[in-house]
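Below is one structure, written out as structure tokens; comments come after it.
The values are calculated or read from the model by the stated rules, or taken from the named source; none is laboratory data. All of these numbers come straight from a predicted model, not from anything done at the bench. Glycine also receives a Cβ, built like all others from the backbone with ideal geometry; neighbour counts cover every protein chain displayed.
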């Protein structure tokens, strides 16, 4: 069983459009509607749509995703319920602009920073989970099944809590490792797109990647 890990690396967000301008994306040339499109995954902490200059610039997020040719996208820090970001629903904007299927959860009212899934492919099932977070910020997770070119593929999007609380990271690691181990037992092809707040050489990371070692 193949488990593909897509982990978050730092990325700079450059201002492409003024936040008051309309997107000039030509969605007619996008992959939307292409039933044989490749699986190309991207995960991004979008910081609620703010760019490096401290201004909201959601259209540039859509254009960057399109330029990358991503067909399955995990967006973390995508909460739209907070007044200090104007209650902007960046997931809905990007999904409508690029003609993607979308899922968001758990509910922003449950005080996570927001996990979202955007997919060119149909989303057949989705479960929205809050990972164990007794000490720090609440960690969200989306466990979804996508129909990719006729094959059912499991996709997991998550955003672990902050780095200050060791107990949180330990419990969140255990929960994710158990989930991925179940997928392996079910022989489900799985794509993981997440933000782990831990080094790729750490015991936490290795236990997630190799849960039975």
(Q) Can you pull out every residue in region 115-146 that is part of a strand (DSSP E or B) and exposed (fewer than 15 other Cβ atoms within 10 Å of the Cβ)? (A) 124, 125, 127
(Q) Cβ-Cβ under 6 Å, sequence separation 6+ or interchain: first residue in region 197-213 and under 11 Å from residue 169 (Cβ atoms), partner in a loop (DSSP other than H, G, I, E, B) and modelled with pLDDT of 80 or more. Which pairs? (A) 197/160
Q. Among the listed residues 70, 32, which satisfies the condition of being at pLDDT 80 or above and assigned to a loop (DSSP other than H, G, I, E, B)?
A. 70
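Residues to consider are 206, 196, 171, 180; find the one that is out of contact with any helix residue (DSSP H, G or I) (no Cβ under 6 Å at 6 or more places or on another chain) and over 20 Å from residue 43 (Cα atoms). Give the derivation first.
Details: 206 fails: over 20 Å from residue 43 (Cα atoms); 196 fails: over 20 Å from residue 43 (Cα atoms); 180 fails: over 20 Å from residue 43 (Cα atoms).
The unique qualifying residue is 171.
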Q: Return only the number of the condition from (1) over 15 Å from the mean Cα position of the chain (by Cα); (2) in a helix (DSSP H, G or I); (3) touching a residue at least 12 places away in the same chain (Cβ under 8 Å) that residue 176 does not satisfy.
A: (1)
Q) Out of (1) under 20 Å from the mean Cα position of the chain (by Cα); (2) outside any helix (DSSP H, G or I); (3) surrounded by fewer than 22 Cβ atoms within 10 Å (Cβ to Cβ); (4) modelled with pLDDT under 90, the odd one out for residue 194 is which? A) (3)
